[in-house]
Structures are given as C-alpha cells and as structure tokens.
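Coordinate-derived values only; no laboratory data. These figures come from a predicted structure and were not determined experimentally. Neighbour counts are summed over all protein chains in view; Cβ atoms, including those assigned to glycine, are modelled from backbone coordinates with ideal geometry.
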Amino acid sequence: MECVVLAAGEGKRMRPLTAKRPKVMLPLANKPMMEHLVLAARGAGITDFIFVVGYGEREIRRYFGDGAAWGIHVKYTPQRQQLGTADAVRAARDLVTGKFLVLNGDMILTTEDLASLSRQPAPCMGTSTTHHPQDYGVVVCENNLIVSLEEKSQKPKSTTINAGAYLFSPDIFDRIDRVRPSSRGELELTDALLELIAAKKMHAYPLSSWMDVGHPWDMLDANTTMMESLASGSEGTIEDGVFQSGAVVVGEGSVIKSGTYIEGPCIIGKNCRIGPHAYIRGATSIGDDCHIGHSAEIKNSIVMSGTRIPHFNYIGDSIIGSDCNFGAGTKIANLRHDHKTVRVCGKDTRRKKFGAVVGDGVQFGINCSVNVGTMIGSDTRFGPNSYIEGCIGDKTIIR
C-alpha cells in the first residue's frame, strides 16, 4: 500500500516560522513534524511513500532523499500551483497502484491508528473529536458511515471532525475530476467527499489519538506529546556538577557545563553548549548548534538550530526560530496578570501561558523585554532596552 503525504503547502498560519521552510519541516522533539508521521506509517508496515511537494520542496527532498535512511521508498510529485486539496491528491494519480492512504503532513498520528485505518474498507475517513469543531470540517456519523460533512460551521452539529487522514481506492480520481473551483477558487477535496457521502459510501474510522498543528502555539503541545516516551541518552559530554531529572537526551558533540540543572523530558541537539549554571525545564527541545549560557532559563519551549541565548535570559512557553541571538538580560513574558488566555495577533491561543513566536535570524540587544503573546517576524533587529509587543513584521529595525 502506498501512503500519499500532502506536503505542498506553505502554512501561512504558521508565519513567520515558515518564511524559510515549509510547514511540515518545522521541528517537534528535534525532528520535522512530517518525519514523525512517516515513522508512524512505517511502523504500521507501510514502506512506499509519495510526497506531494510544492512550497519549500527542496528542503523536503534534501532531507528525505529516496527514503533509504528510514528503510522506505519515497517518490515525489509536485503541485506547482496551490489549487486546493483535491488538486494535491490528484498529483499522485500516476504513482498509486491500488488502495492508498492520504495524510495531511502537518498532523500527529499513531502507528496503531494508521495500521487500523489501512485495514478499513475504502473509502474511509479518519475522524476525531475536539472542543472547538467550528475550526474544522464537522461530520455526523451513523453506524460507521458518514452522513454529513460541513466545513467550519459556526453552529456545528457535532464535535466529530474530519481529521485529514483517508483511505482511498483509485476511483477517487474520477470523482476529483468532477470537482469544480469553490468560492475560494480552489479545488476542494471536500467536494469529492460529499459525493461519496451522498452515495452512502464514506466510512468513518475514529482515531484514538490525533493532533493538528495549525498554529505556532500548537507546536508546544505536539512537542510535549512527542517526548512522552523519551528515553534518556547522551552522546555528548556532561561535566561533573550537572543535575538531571526525568528523560534527557544530549546529542553528539554537545557539552553540558557544571552547575546546569535539566528537568526532563528534554532534548538537546548536536554540538550545543549548555551552561554553566543554565536551567532547562521540562518539555523543552533545543536544536543543533545552540548556546544556552550562564543563568539562562528555558521552559516548555522549542529553540531551533543555531540560536544563542547566552546569559541572564528567560524564555517560557515560546517558539524560537533558528539563528537568533538574545542579548544579555533579554526576557520573554508568558503569563497575563489577569490570567486570561493569551491572544497572538488577535487570535486566541486557548493557552493560559504563552510567550512569543520569534522568527529566524532575530537579533535582540541587551535587556530587551518581550511581552506575552508577541509575534516577531524573521530578520528583525531590536536595540538595547527595547520593549516589544504585538505583531512585528519581517526585517523590522527598532533602535
């Protein structure tokens, strides 16, 4: 069975983190989120993959290659224009040979669910439940058949949603050929599914576990989930006087200096310098070639490769892009005084604690203060003692 992974989109809601990389290559537990999905499918016995690529495809091709490093076979098919999800699936038409899975590349699924989904009668849709169904396609099921599907309804009929995982047979392509552009000008896979639903042919498979990474702050929960089964291990150097609790992974070439306190689960990449006297708290992942220095505290955050947080810094519940530099004393707040949920650029994160989204290549002068719920574009520069809040575009300079 082939597995088609839809990985052509930019992920505009993930900006500025997708300014220099496709969404599916954003890291969770120091691996691209798409790699976690591929590993789950491989665990279900699937070894033949078709990646539908477009935006940032060079990075995907360079990372996965032909798949041999993972013991799988990968073929690529481009979606040159973002014409919609139906068009993305159609791009794989000449490469599938029988029943095939279709998976959105930006979600987290388990091996067990993928194995079970692949054994269902086709066509079949993976479903899940959520407390905010109005953000998704809402489905109603009767006796394991889907009887209705409504996109992003403000008055949803149920809390069951389309999870973006499907099992199809090749005849889905004939139905896709009949799809016409929607009001958004896109060829929507939903229209092909509605035809199957009307014919009472669309089966439902309720997924036991599913996570959607639709916004930057969703990465924090997904990052934590990916580290739940983490096993401690070190290929680096850990000096005397380092305290570790819980599961901690230290990559090759990294040095953890004396006086550092690490609470797991935590992943530290290759060739990092941590400490002395750094405090890294649980559910934090630090990419390759990072420096976390003296009296720096990092909590429940994702720090991407090449970033330097060298001294007297605090970063909590935040996503930090690659190749950033934090001047001494720069701190990110992560809790409102009124304890309401944090909003970022007008969007409710539904989180009581959230710090900031910081794009790639951002440079902070000394003693900068970043307020809760701030979004900072890539390649932005801040002078010393800057007070930073709100939504700040790419390449902004604040002196």
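Structure data summary
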{"quantity": "Unit Cα scatterers, Debye sum, the stretch 183-273: log10 I(q)/I(0) for q = 0.13, 0.19, 0.24, 0.25 Å⁻¹", "calculated": "-0.65, -0.97, -1.17, -1.19"}
{"quantity": "Whole-number D in µm²/s for the stretch 305-357 (Stokes-Einstein; Kirkwood sum over Cα pairs; 10 °C, 1.306 mPa s)", "calculated": "132"}
{"quantity": "Rg followed by Dmax, in Å, when the stretch 226-398 is reduced to its Cα trace", "calculated": "15.5, 47"}
{"quantity": "Over the stretch 1-92, volume per residue of the alpha carbon convex hull, in Å³", "calculated": "96"}
{"quantity": "For 173, 243, order by how many other beta-carbon atoms lie within 10 Å, fewest first", "calculated": "243, 173"}
{"quantity": "Protection proxy ranking, peptides 180-186, 320-326, average beta carbon neighbours within 10 Å, highest first", "calculated": "320-326, 180-186"}
{"quantity": "Part-to-part distance (alpha-carbon centres) for the stretch 21-56 and the stretch 59-80, which is given in Å", "calculated": "9"}
{"quantity": "Ranked packing of 276-285, 62-71, most packed first, by mean Cβ within 10 Å", "calculated": "276-285, 62-71"}
{"quantity": "Cα-based shape type of the stretch 138-188, given that a ≥ b ≥ c are square roots of the gyration tensor eigenvalues and the cut on a/c is 1.5", "calculated": "oblate"}
{"quantity": "The stretch 94-150-the stretch 279-322 distance, computed between alpha-carbon centres (Å)", "calculated": "36"}
{"quantity": "Relative packing of 131-143, 2-14, which averages over residues the other C-beta atoms within 10 Å, highest first", "calculated": "2-14, 131-143"}
{"quantity": "Rg/Rh (Cα only; Kirkwood hydrodynamic radius) as it applies to the stretch 2-214", "calculated": "0.93"}
